[in-house]
Amino acid sequence: MARPVRRAFVVVLDACGVGALPDAAAYGDAGTNTLGHLAHEAGGLELPALTRLGLGSIVELDGVPPAESPVLHGRLRALGPGKDSTAGHWGLMGVSTGRPLPTYPGGFPEAIVEIVSAASGRGVVCNRPCNGIEAIEQCGAEHLASGSLIVYTSQDSVLQIAAHVDVLDPDELYEICGKVRAALPSDHAVGRVIARPFAGSPGEWRRTDGRRDFSIAPPTRSYLEELHDAGVEVHSVGKVGQLFAGVGIDAQHPGATNTRALAETTELIRSLPAGFVFTNLVETDQVYGHRHDIAGFHQALREIDAAVAEWIAMLGPADMLVLTADHGCDPTSPRTDHTREYAPLLAAFEGHRSRRHDGSLADVGASVLAWVADRRTAQLPGESFVAATAPE
């Protein structure tokens, strides 16, 4: 009998970590727990769909009791160094940087500043680790007056360039970021060059939905390429396609906000006959996590929860839904950067047996390949939880 055509959907709740990794202290993140501390500060989380799936069976969370019949659930450790979106998403698809990507806690050296100036014909202001909103608030007026680009970084391997839409058209900003990406030498090959268009006036700045990530290409083969070569159509939603520099992806759906990404994912679940969808929901990180906005973070999770309830009702026996994260961003941390944490794992598919699975991020990619293409590979890391739980 022919094997049924299968689909898989992996949705990353950006920055929704569930506890410090063993090496978190080396990153300054000992004791962090994004969802645990969020739940406590919020007075309990109200997430009925995620509760039924088993979010409270992974770790103790105020307001989220363990489920009676959870789906496959557990915690996933990082595949390699780092605690940003690049490391996390690459890890989910079996790619490790092998060594930490360069970071700049003291700001960028003159050689990088010169690359930005040469690509843009403009000066540079800020040039230090900074929260994105803070960088605009502190340097926005100077940027409007001089036309110099606002360049900043974080604890992560990123070079961010912000420009007001009245000073620089977003398409010009993207062109500049692309040139910078191409010009960075190997010893300064940051994970991402990020374009950050913004609008408004002093005291009323606002970032637009025009963010664009120019990522370094993955250094090794990924499960996306394995799926593509197996004839599986690969779709990305949100910044996922940019994080992989498009490698192994057939169709990219922009999903710049959670509202759009949730709607695009819902439509793909409704209409895609076969294939794999890899979604990032950015606002738990970008809008709420970095700003330590407890109420906003909780509300974003409630909106995700409502979509998850809708998705579960739409899925059939040939479908798999995986909910996970890429890193943490603990809203009680003294800093506003990412935190080095485990990612949660909730996987709904026929034959999950309600079991617990603790492993590495790469187990997600291995499981998607096994589920959709009935393939395994010894060339990539990761243990398939599909193989471990398939009916006998």
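So is G289 over 13 Å from V11 (Cβ atoms), touching a residue at least 24 places away in the same chain (Cβ under 8 Å), crowded, with 23+ Cβ neighbours inside 10 Å and of a type outside the set (S, T, Y) or not? Spell out how you get there, then give the answer.
Values: over 13 Å from V11 (Cβ atoms): yes; touching a residue at least 24 places away in the same chain (Cβ under 8 Å): yes; crowded, with 23+ Cβ neighbours inside 10 Å: yes; of a type outside the set (S, T, Y): yes.
Against the criterion (over 13 Å from V11 (Cβ atoms), touching a residue at least 24 places away in the same chain (Cβ under 8 Å), crowded, with 23+ Cβ neighbours inside 10 Å and of a type outside the set (S, T, Y)), G289 qualifies.
How many residues does region 311-328 hold that are of a type in the set (G, A, S) and within 16 Å of N33 (Cβ to Cβ)?
So the count comes out to 2.
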Region 83-111 - residue that is in contact (Cβ under 8 Å) with a residue 24 or more places away in the chain, small (G, A, S) and in a loop (DSSP other than H, G, I, E, B) and, of those, most open to solvent (accessible area, probe 1.4 Å): G98
Report yes if some residue within region 4-18 is among the small types (G, A, S), in contact (Cβ under 8 Å) with a residue 60 or more places away in the chain and open to solvent by 10 Å² or more (accessible area, probe 1.4 Å); otherwise report no. no
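Specify the residue that is farthest from R221 (Cα to Cα); the eligible residues are those in region 45-69 that are assigned to a loop (DSSP other than H, G, I, E, B) and open to solvent by less than 10 Å² (accessible area, probe 1.4 Å). Step through it out loud before you land on a result.
Looking only at region 45-69, we keep the residues that are assigned to a loop (DSSP other than H, G, I, E, B), and these are 45-47, 54, 59-60, 62-63, 65-69.
Among the residues that remain, those that are also open to solvent by less than 10 Å² (accessible area, probe 1.4 Å) are: 45, 47, 54.
Numbers: L45: 38, L47: 36, G54: 32 Å.
Restricting to residues being assigned to a loop (DSSP other than H, G, I, E, B) and open to solvent by less than 10 Å² (accessible area, probe 1.4 Å), the top hit is L45.
What residue, of L301, L323, L268, is assigned to a helix (DSSP H, G or I) and under 18 Å from the mean Cα position of the chain (by Cα)? First the steps, then the outcome.
Details: L323 fails: assigned to a helix (DSSP H, G or I); L268 fails: under 18 Å from the mean Cα position of the chain (by Cα).
Step by step, each of L301, L323, L268 is checked, and only L301 is assigned to a helix (DSSP H, G or I) and under 18 Å from the mean Cα position of the chain (by Cα).
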Need pairs with beta-carbon distance below 6 Å; first residue of a type in the set (D, E, K, R) and within region 314-338, second in a loop (DSSP other than H, G, I, E, B); sequence gap 6+ or separate chains. D330/T32; D337/S154; D337/Q155
Specify which of the listed residues (A118, A141) is exposed (fewer than 14 other Cβ atoms within 10 Å of the Cβ) and either touching a residue at least 60 places away in the same chain (Cβ under 8 Å) or part of a helix (DSSP H, G or I) (or both). A118
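The values are calculated or read from the model by the stated rules, or taken from the named source; none is laboratory data. It should be emphasised that the depicted structure is a prediction, and the values quoted were computed from it without experimental measurement. Positions of Cβ are backbone-derived with ideal geometry, glycine not excepted, and every protein chain shown enters the neighbour counts. These area figures cover heavy atoms from the full protein model, side chains too; ligands, DNA and RNA do not enter into them. Shrake-Rupley method; radii C 1.70, N 1.55, O 1.52, S 1.80 Å.
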